[in-house]
Amino acid sequence: MEQHETERQKKVFLVSPSPSTFTERDLKTLRQEYLVRETVISDYQGKNGLKRSLLISFEILRGVLWADLTYSWFAHNHSYLAVRLANLLGKRTLVVIGGYEVAKEPEIGYGALLDPKLAKRVNYIIGNADHILAVSEFNRREILNLSERRHVAVVYNGIDCAQFTPGETKEDLVITVCQISKNNITLKGLDTFLNAARSLPDLRFAVVGRVLDGSIEDLRRSAPQNVTFVPSPSQEELLRWYRRAKVYCQLSYRESFGVALAEAMSCECVPVVTERGALPEVVGGTGFVVPYGDVQATSTAIMEALHSDGGRAARARVQAKFSLEERREKICRVIEENPA
């Protein structure tokens, strides 16, 4: 979709691998200020390999030719092509690094840097894009470990605080939100969450999220009776769970930001998080930080969170640091910078 063109508006080509809350929020933000075209790589699924590659390449070339600036979410194959083409054509580029691209966690098989071919492309993108946006200070440090020559701006993910609002009453309910898959059992700390629930049998717990594979059945079989599973909820249903819960857990092995965490905080959930990645950075002093995989420490923190009144402080922190308005201002400031 294109907006009506005027001479004064910059033209921005947004390219992303698949639909997500990240890209949708940025798309709405960009359309408030600029003319925008969008290409979503997953729209080409189902076509044979060569035809798919040619169609994607053509769409990216067409977008780069049209635009003043190419805006890519995630440093992957699509942004590698966009940056290479833009450099050849003398066009500006901006790439948002989500975290996976600069991760290297062999213990859990996580991170693009574990793939030598993809690692080379990530390094090319970071070294050749005009603007790199990091989603946290933690994320920025990991990017700079790969290339100290590039300017990297921290622009936190934006949360719609007008949508993610608290309800009238909170319940003694503890939730975690993530995509439910075999890999995420370790990555998102679902095993720790279930074990904490087992140690607190008088409390109610819920695992909420989109189901990606059959691992939810294994989790159900191993979960104690005080755990509810909410598979693939609608946005309205997810919001209801945020509003009901007193405590939100993000017990991840690593996180470069934690959008679900910030959404829950905006709904006045008291956060309990691990010490990994950007999670303490997001929580600040509004929640509880525990060692990854430590069930006893997690259970103790959950009980303390239930008896705390930190929900309002958690929402205030999101409003101050992670609002959509804050992200929009910073993105526009980068786009409006004079080219070097």
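The values are calculated or read from the model by the stated rules, or taken from the named source; none is laboratory data. This one's a predicted model, so the numbers in the text were calculated from it and none came from an experiment. For neighbour counting, all protein chains shown are included, and Cβ atoms are generated from backbone atoms with ideal geometry for every residue, glycine included.
Need the failing condition index for Leu239 against (1) surrounded by 19 or more Cβ atoms within 10 Å (Cβ to Cβ); (2) touching a residue at least 24 places away in the same chain (Cβ under 8 Å), just the number. If we test Leu239 against (1) surrounded by 19 or more Cβ atoms within 10 Å (Cβ to Cβ); (2) touching a residue at least 24 places away in the same chain (Cβ under 8 Å), just (1) comes out false. Can you confirm whether segment 81-96 contains a residue that is basic (Lys, Arg), under 17 Å from Ile143 (Cα atoms) and under 25 Å from the mean Cα position of the chain (by Cα)? No, there is no match, as no residue in segment 81-96 is basic (Lys, Arg), under 17 Å from Ile143 (Cα atoms) and under 25 Å from the mean Cα position of the chain (by Cα).
When segment 283-296 is filtered for residues that are under 27 Å from Gly167 (Cβ atoms) and not in a loop (DSSP other than H, G, I, E, B), the ones remaining, listed by number, are Val283, Phe288, Val289, Val290. On the stretch given as segment 126-153, residues that are assigned to a strand (DSSP E or B) and either over 17 Å from Tyr71 (Cβ atoms) or not aliphatic (A, V, I, L, M) (or both) total 1.
Per the listing Ala86, Ala82, the residue uniquely in contact (Cβ under 8 Å) with a residue 40 or more places away in the chain and under 19 Å from Arg121 (Cβ atoms) is Ala82.
Considering only residues that are of a type in the set (Lys, Arg) and within 20 Å of Leu279 (Cβ to Cβ), look in segment 133-161 and name the one that is surrounded by the most Cβ atoms within 10 Å (Cβ to Cβ).
Kept after step one, since they are of a type in the set (Lys, Arg), are these residues of segment 133-161: 140-141, 149-150.
Subset that is within 20 Å of Leu279 (Cβ to Cβ): 140-141.
Working: Arg140: 21, Arg141: 14.
Of everything passing the filter in segment 133-161, Arg140 is surrounded by the most Cβ atoms within 10 Å (Cβ to Cβ).
The residue of segment 288-340 that is surrounded by the most Cβ atoms within 10 Å (Cβ to Cβ), among those that are among the β-branched types (Val, Ile, Thr) and closer than 19 Å to Cys269 by Cα, is Thr298. Among the residues of segment 273-282, those that are surrounded by 24 or more Cβ atoms within 10 Å (Cβ to Cβ), outside any loop (DSSP other than H, G, I, E, B) and either without any contact (Cβ under 8 Å) to a residue 24 or more places away in the chain or touching a Lys or Arg at 6+ places or on another chain (Cβ under 9 Å) (or both) comprise Thr274, Leu279, Val282.
Which is of a type in the set (S, T, N, Q), surrounded by 19 or more Cβ atoms within 10 Å (Cβ to Cβ), over 15 Å from Cys178 (Cβ atoms) and assigned by TED's automatic domain parsing to the domain that holds Glu281, of Ser256, Ser252, Ser266, Ser234? After applying the criteria, what remains is Ser266. Taking the criterion of being crowded, with 24+ Cβ neighbours inside 10 Å and within 21 Å of Arg25 (Cα to Cα), would at least one residue in segment 111-126 satisfy it? Within segment 111-126 (the criterion being crowded, with 24+ Cβ neighbours inside 10 Å and within 21 Å of Arg25 (Cα to Cα)), the answer is no, since none of the residues qualifies.
A quick yes/no check of all residues on (1) aromatic (Phe, Trp, Tyr); (2) out of contact with any helix residue (DSSP H, G or I) (no Cβ under 9 Å at 6 or more places or on another chain); (3) part of a helix (DSSP H, G or I):
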| residue | (1), (2), (3) |
| --- | --- |
| Glu255 | no, no, no |
| Ala262 | no, no, yes |
| Pro271 | no, no, no |
| Thr298 | no, no, yes |
| Ala305 | no, yes, yes |
| Ala314 | no, no, yes |
| Ala320 | no, no, yes |
| Glu325 | no, yes, yes |
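Does segment 174-189 contain any residue that is among the charged types (D, E, K, R), farther than 26 Å from Lys28 by Cα and buried (at least 19 other Cβ atoms within 10 Å of the Cβ)? Among the residues of segment 174-189, at least one is among the charged types (D, E, K, R), farther than 26 Å from Lys28 by Cα and buried (at least 19 other Cβ atoms within 10 Å of the Cβ), which makes the answer yes.
Take Ile331 and decide whether it is assigned by TED's automatic domain parsing to the domain that holds Tyr71 and part of a helix (DSSP H, G or I).
Yes: the conditions hold for Ile331.
From the list Glu168, Glu217, which residue is charged (D, E, K, R) and assigned to a loop (DSSP other than H, G, I, E, B)? Full working, then the answer.
Working: Glu217 fails: assigned to a loop (DSSP other than H, G, I, E, B).
Just one listed residue meets the conditions, Glu168.
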